[in-house]
Amino acid sequence: MTSSPTSADGDPAGVDPVGTEPEVRELAEVPAVEVISRAAVMLMSSAAEKLGLSEPDPAESPYLDLDEARRVITALAGLVTASVEYLGPHAGPIRDGLQALQRAFREASAHPDEPGKGPGEKYTGPVH
């Protein structure tokens, strides 16, 4: 026995007769390049927050967490390296964003890593 979920007013779930709800796409319908790009942007945003880049003085940010930033930047580097051939025109800007975050990490570190040892550099090579 199956039943369709309904909203509080009895209408079938997912039906928006007034058009006030944002359209929800099935994940299967979203092109892979869009999924990868969105994941990269989310990782970039997270890394920027964890580097304190949303504050006028990053060193004073309540969100500054270099250990977390290292993990997110490394994950981003792995994603970008593994998917660069599929990103087409998005590859350049995403790579530029990754390198900017790697440089920001180096600048924020009290004891910067050796070239090639920074976050994600095992995937991207040294960032100067």
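Would it be correct to say that Arg106 is basic (Lys, Arg), out of contact with any helix residue (DSSP H, G or I) (no Cβ under 8 Å at 6 or more places or on another chain) and within 19 Å of Met42 (Cβ to Cβ)? No. A search for C-beta distances below 9 Å between a residue of segment 38-55 that is within 15 Å of Glu107 (Cα to Cα) and buried (at least 19 other Cβ atoms within 10 Å of the Cβ) and any residue that is among the β-branched types (Val, Ile, Thr) and at pLDDT 95 or above, counting only pairs 6+ apart in sequence or on different chains, returns Ala47/Val72; Ala47/Ile73; Lys50/Val72; Lys50/Ile73; Leu51/Ile73.
Testing Met1 on (1) modelled with pLDDT of 95 or more; (2) more than 18 Å from the chain's Cα centre (by Cα); (3) not hydroxyl-bearing (Ser, Thr, Tyr), one condition comes back false. Which one is that? Among (1) modelled with pLDDT of 95 or more; (2) more than 18 Å from the chain's Cα centre (by Cα); (3) not hydroxyl-bearing (Ser, Thr, Tyr), the lone unmet condition for Met1 is (1).
The values are calculated or read from the model by the stated rules, or taken from the named source; none is laboratory data. Values in this document were obtained by computation on a predicted structure and should not be read as measured data. Note that each Cβ is placed from the backbone with ideal geometry, even for glycine, and that neighbours are counted across all protein chains shown.
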